[in-house]
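A.B. asks: Input: one structure, supplied below.
The values are calculated or read from the model by the stated rules, or taken from the named source; none is laboratory data. Just so we're clear, the structure is a prediction, and the values are computed from it rather than from any experiment. All Cβ positions, glycine included, derive from the backbone under ideal geometry; neighbour counts span all protein chains shown. Heavy atoms of the whole protein, side chains included, go into the accessibility calculation; ligands, DNA and RNA do not. Shrake-Rupley method; radii C 1.70, N 1.55, O 1.52, S 1.80 Å.
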Amino acid sequence: MDQLLALVVVIPLLVAAGISALTPVFRTRRRALDTVAIAAAASVTVLLAVLMTRTAHRPEVYWFAGFRPRHGIAIGIDFAVDPISAGLAALAALLVTVAMIFSWRYFHRVATYFHALMLVFLAGMVGFCLTGDIFDLFVWFELMGVTAYALTAYRPEERGPVQGALNFAITNSVGAYLWLSGIGLIYGRTGALNMAQIGRYLTTHRTSSGLVVVAFVLILTGLLIKSAIVPFHFWLADAHAVAPTPVCVLFSGVMVELGLYGIARVYWSMFGAGLGHRTVISHLFLALGLLTAVTGALFCYRERHIKRLLAFSTISHAGIFLAGLSWLTPLGLAGAAVYVLGHGLVKAALFLCVGIVLHRIGSVNETALHGRGRRLRVTGVVFTLAALGLADLPPFATYLGKGWIEDTSAAAGSAWVAGVLIACSILVGGAVLRVAGGVFWGLGDPPAEDPRMAEEASEEKTETDSGRQRTPLTMIIPPAVLVVAAVALGLTPHLGAVVQDAAVRFQDQAAYNQAVLFGRVVAHPVALHPAEPTAITPADVLTGAGSALGALILAGLSLYRRRIPLLRRGPEPDLLLAGPIRRIQSGVINDYVTWIVVGVAGIGGYLAVTIR
């Protein structure tokens, strides 16, 4: 039995425990503390990369304590690893490693519990990606959530971090209760917690009874809250605004995407064949995805608090990822997977660049920073390149993933979806490029000040000792490497065929059941020869280049609006959105919980009407 699958969670947990136990020793030996924590995260990254390679042609299943299934009945706990789950876990481990390298010189003083929490956070993310048990899926995510709440409130002496952490904790706890209730219902119906066994039961006893539908809605809603899908998205921006910048790298780069991975894993491992009604489910996912993509893009464009701006861009991209999953096709899943990887790399680079600005200048207010980042030349170049990647400029991996999502939409007879996604990319890319042009290159005129956003941004000033005269290499090299990695991923030969092959096998519920419950590897011809092409076409390149060009034009119009006769009159367009958006994103937890209730009622009502 291969112990490698267990080591990827054992290593960070043991090192976190060791750091906590040896706090008196590490308190005076900062370099040793950072070295041990970074080495642990890097070793997990390497192990997961090995697992991703090893599972390229067949899944691997590890049963803890050797409790293997008998006659298709599982009483043990397993890790079921395939390239998509291992790849997402490797991305999480890579970003944790990068964030801790960045933190080495970012925090002048740091407590040992920061490193311990980061490693426990890593263990939670990796365990969530690899587990094959629905209850353990819940447990790993809650372990991740608890550490995320603590990391958000890393500065408890200030009101903002505590309030942001409370909003984060309460909304996600509501999602956890809904999720756990759904697990209870499905366990009562099937007598199983192993996802393969549940899927096999629902397929054998093919039913769409009310209890199964309710369980699906509750589990789905819990994961939608974790994924920051509209109308469950409010916690994300509040958490990003107050969490330390290295932690925001994980929130935006991988944590939200893990919720979407959970939706995909639960659907294709448990409910896909048994629940049926693929068209109904597809339409639900597509509607939620497009609503989220548009809402996040509008919120992003009007924002001046740079960390919140990037948080809203993550919400918009989460909607695009869900739109890719919504078609329930291998090409859509492959596109979403590649887009997640590319987005995680460039978004992490953007947040690290914002951390450098906060470190050197002591502000994240776009208006106040106008032109003040010109002395940060290298940071400005890296930020601008990452912003272009976020706008889907070829050859960044983001344009590949989004192109395949648009291709599968066109193949399904919904070419208009591509237009919506391109518009969202232009809005988000334009907002981030506006920041790059104004802050780092001093282009255009300072934007009009919004007193509410200025107040929010002014609170972000004690995260690091500001006024430093230089940027350490440990802070500038990580974002530069991430940008290069995003380009290299987009240029990887045969990437489409490899990822789509993995997507085909990820969606094969029968093969998953055989591998987990009976230890058999099923090689289907469709998995060996994907039916849908993933070759890069001139149309994909032109679409990506057009999206980036549109973002550049929008950024230019935003920066030079006051100098253009037709646009100089009237209030700035982004400020027109301020009132309605502020009424929705109120910061009051009661309102957020109300929106959760509205969302659950809407999803449940839709499925109640359409699934009979």
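A.B. asks: Which residues, counting only those in the stretch 3-34, are at pLDDT below 90, open to solvent by 60 Å² or more (accessible area, probe 1.4 Å) and within 16 Å of residue 131 (Cα to Cα)?
C.D. replies: Within the stretch 3-34, just 3 meets the criteria.
A.B. asks: Ok, one more. Which condition does residue 538 not pass, out of (1) touching a Pro at 6+ places or on another chain (Cβ under 9 Å); (2) closer than 30 Å to residue 505 by Cα; (3) at pLDDT 65 or above, if it passes all the others?
C.D. replies: For residue 538, the exception is condition (1).
A.B. asks: Right, here's the next one. May I ask you to list the residues in the stretch 131-143 that are among the aliphatic types (A, V, I, L, M) and surrounded by fewer than 24 Cβ atoms within 10 Å (Cβ to Cβ)?
C.D. replies: Result: 139, 143.
A.B. asks: Going by the structure shown, is residue 434 modelled with pLDDT under 65, within 23 Å of residue 295 (Cβ to Cβ) and not in a loop (DSSP other than H, G, I, E, B)?
C.D. replies: Against the criterion (modelled with pLDDT under 65, within 23 Å of residue 295 (Cβ to Cβ) and not in a loop (DSSP other than H, G, I, E, B)), residue 434 does not qualify.
A.B. asks: Read through the list (1) on the phi > 0 side of the Ramachandran plot; (2) open to solvent by 10 Å² or more (accessible area, probe 1.4 Å), then give the number of the only condition that residue 228 fails.
C.D. replies: Unmet condition: (2).
A.B. asks: Show the residue pairs that are 6+ apart or on different chains and have beta-carbon atoms under 9 Å apart, the first residue being within the stretch 236-250 and in contact (Cβ under 8 Å) with a residue 24 or more places away in the chain and open to solvent by 10 Å² or more (accessible area, probe 1.4 Å), the second being of a type in the set (Lys, Arg) and outside any helix (DSSP H, G or I).
C.D. replies: Cβ pairs passing all conditions: 242/155.
A.B. asks: Moving to a separate point now. Determine which single condition residue 98 fails, assuming it passes every other condition in (1) farther than 26 Å from residue 503 by Cα; (2) of a type in the set (Val, Ile, Thr); (3) more than 22 Å from the chain's Cα centre (by Cα).
C.D. replies: (3)
A.B. asks: On to the next question. I need the full set of residues from the stretch 305-327 which are open to solvent by less than 10 Å² (accessible area, probe 1.4 Å) and either among the charged types (D, E, K, R) or assigned to a loop (DSSP other than H, G, I, E, B) (or both), in order please.
C.D. replies: Residue satisfying the conditions is 307 alone.
A.B. asks: Scanning the stretch 59-74 for residues that are surrounded by 13 or more Cβ atoms within 10 Å (Cβ to Cβ) and either of a type in the set (Val, Ile, Thr) or not in a strand (DSSP E or B) (or both), which turns out modelled with the lowest pLDDT?
C.D. replies: 72
A.B. asks: While we're on this one: Filter the stretch 88-115 down to the residues that are open to solvent by less than 10 Å² (accessible area, probe 1.4 Å) and of a type in the set (Gly, Ala, Ser), then identify the one that is modelled with the lowest pLDDT.
C.D. replies: Applying the filter and picking the extreme gives 103.
A.B. asks: Further, regarding this structure: Which count do you get for residues in the stretch 353-365 that are modelled with pLDDT of 90 or more and either surrounded by fewer than 24 Cβ atoms within 10 Å (Cβ to Cβ) or under 16 Å from residue 433 (Cα atoms) (or both)?
C.D. replies: 3
A.B. asks: While we're on this one: Could you tell me which numbered condition residue 205 fails, if it satisfies all but one of (1) open to solvent by 10 Å² or more (accessible area, probe 1.4 Å); (2) farther than 21 Å from residue 284 by Cβ; (3) touching a residue at least 24 places away in the same chain (Cβ under 8 Å); (4) touching a helix residue (DSSP H, G or I) at 6+ places or on another chain (Cβ under 6 Å)?
C.D. replies: Single failed check for residue 205: (4).
A.B. asks: Of all residues in the stretch 273-284, which are assigned to a helix (DSSP H, G or I) and surrounded by fewer than 21 Cβ atoms within 10 Å (Cβ to Cβ)?
C.D. replies: 273, 278, 279, 280, 282, 283, 284 - these are the residues of the stretch 273-284 that are assigned to a helix (DSSP H, G or I) and surrounded by fewer than 21 Cβ atoms within 10 Å (Cβ to Cβ).
A.B. asks: Taking into account only those residues within the stretch 351-378 that are outside any loop (DSSP other than H, G, I, E, B) and among the basic types (Lys, Arg), which is farthest from residue 99 (Cα to Cα)?
C.D. replies: Checked the stretch 351-378; the qualifying residue farthest from residue 99 (Cα to Cα) is 377.
A.B. asks: While we're on this one: Out of the stretch 70-89, which residues are over 18 Å from the mean Cα position of the chain (by Cα) and touching a residue at least 12 places away in the same chain (Cβ under 8 Å)?
C.D. replies: Result: 72, 73, 74, 76, 77, 78, 79, 80, 81, 82.
A.B. asks: Look at residue 471 and say whether it is closer than 16 Å to residue 329 by Cα and modelled with pLDDT under 85.
C.D. replies: Considered against the rule, which asks whether it is closer than 16 Å to residue 329 by Cα and modelled with pLDDT under 85, residue 471 comes out as no.
A.B. asks: Could you list all residues from the stretch 366-409 that are among the polar types (S, T, N, Q) and open to solvent by less than 10 Å² (accessible area, probe 1.4 Å)?
C.D. replies: Across the stretch 366-409, the qualifying residues are 379, 398, 408, 409.
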